[in-house]
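Here is the structure we will look at.
The values are calculated or read from the model by the stated rules, or taken from the named source; none is laboratory data. Computed from a predicted model, the values in this text were never measured in an experiment. Here the Cβ positions follow ideal geometry from the backbone for every residue, glycine too, while neighbour counts run over all protein chains shown. To get the accessible areas, we keep the full protein, side chains included, count just its heavy atoms, and leave off ligands, DNA and RNA. Shrake-Rupley method; radii C 1.70, N 1.55, O 1.52, S 1.80 Å.
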Amino acid sequence: MGVLTSGLPTMISVNGEICRIRADYQTCLKIIMAFEDKELTSMEKAMILLELLYIDKPKDIQTALEKGILFLDCGEERSKEGVERSDSDISRKYSFQHDEKYIFAGVNKVLNGRLSAGGFVHWWEFVLAFMDLPEDCLMSKIIYYRTQYAKGRLTREEKEIWAKNRELFELPVEISAEEEQALDVFMQKLGRKP
């Protein structure tokens with residue numbers, strides 16, 4: 001799936017079965033957010049992908065899931081296991097839920113107002129525009145600060161800016177209901193109310 005040679009896909013071939021998909025950015029964001037939801041099981045996440053992405057329901061569910069994830073990754077194969085990454089490489093730099101308005105503003109600017117116009121914007125266009133955010137865009141600055149913070153490389157001036165804007169820069173810690181319950185039990189054992 002190459003955007004320059006093949007255009008933006010609106011169908012996925014699942015073992016030779018051509019299936020139409022919902023390729024708009026809003027549908028794909030809903031799927032991505034579901035995949036990030038710790039409350040959902042793997043099966044529930046898979047069902048959400050199949051229901052939201054595929055207009056034509058494929059027969060081979062496992063391959064449809066794999067092809068759906070490949071589509072969400074803009075046709076890029078995921079990195080192979082065994083590749084070493086530091087913690088700063090995997091720390092979150094953005095959240096579609098928490099940073100929604102900043103992402104929208106930045107991508108809308110790159111796409112010359114197409115998001116706010118309300119028309120169809122392909123998922124891959126959205127992702128490519130997000131990757132091309134200008135440096136002067138607030139979301140770019142937020143990502144820069146989070147990246148530098150994760151690496152422990154904020155300058156003294158940047159640390160002051162971070163401290164004054166913690167709510168903007170710090171992503172909320174997301175824990176599942178099960179983790180929250182375990183934390184409550186632990187706090188009760190310490191004699192503290194949750």
Practice task
Pop out the ³J(HN,Hα) list for region 31-41 in order, Karplus 6.51 cos²θ - 1.76 cosθ + 1.60 with θ = phi - 60°, rounded to Hz; leave Gly and Pro as x.
Solution key: 5, 4, 5, 5, 5, 8, 7, 5, 7, 8, 7
Practice task
Report, to the nearest whole %, how much of the accessible area of region 7-147 belongs to carbon and sulfur atoms, 1.4 Å probe, protein only.
Solution key: 53 percent
Exercise for the section: Could you pull the Cα extents of region 115-194 along its three principal axes, largest to smallest, in whole Å? Expected result: 53, 39, 20
Problem - Solvent-accessible ranking of 104, 186, 130, largest area first, probe 1.4 Å - result: 186, 104, 130
Exercise for the section: Per DSSP H run of at least 4 residues, take -39500 (n - 2.57); add these up for the chain, divide by its residues and hand me the 222 nm value, nearest 500 deg cm²/dmol. Expected result: -15500 deg cm²/dmol
Completion exercise
Probe 1.4 Å, all chains present, heavy atoms only: residue 124 accessible area in Å², nearest 10, is 10 Å²
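How do 25, 144 stack up against each other in accessible area, from largest to smallest, with a 1.4 angstrom probe? Don't jump to the answer; show the numbers that get you there.
Details: 25 20, 144 95 Å².
Result, largest first: 144, 25.
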Handout entry: Label-point separation in nm, residue 26 to residue 140, each point 7 Å along Cα→Cβ
Key = 2.8 nm
Completion exercise
Going residue by residue through region 164-171, the Karplus relation 6.51 cos²θ - 1.76 cosθ + 1.60 with θ = phi - 60° gives ³J(HN,Hα) values, rounded to whole Hz and with x marking Gly or Pro, of 6, 10, 3, 4, 6, 8, 7, 7
Problem - Label-point separation, residue 183 to residue 42 (7 Å along Cα→Cβ), nm - result: 2.5 nm
Completion exercise
With label points set 7 Å from each Cα along the Cα-to-Cβ direction at residue 91 and residue 8, the distance between them in nm comes to 3.4 nm
Exercise for the section: Using a 1.4 angstrom probe, figure out how much accessible area the chain has per residue, in square angstrom, rounded to the nearest whole. Expected result: 67 Å²
Problem - Convex hull volume per residue for the chain, taking Cα atoms only, in Å³ - result: 181 Å³
Exercise for the section: Post the alpha-carbon centroid distance, region 1-21 to region 114-159, in whole angstrom. Expected result: 28 Å
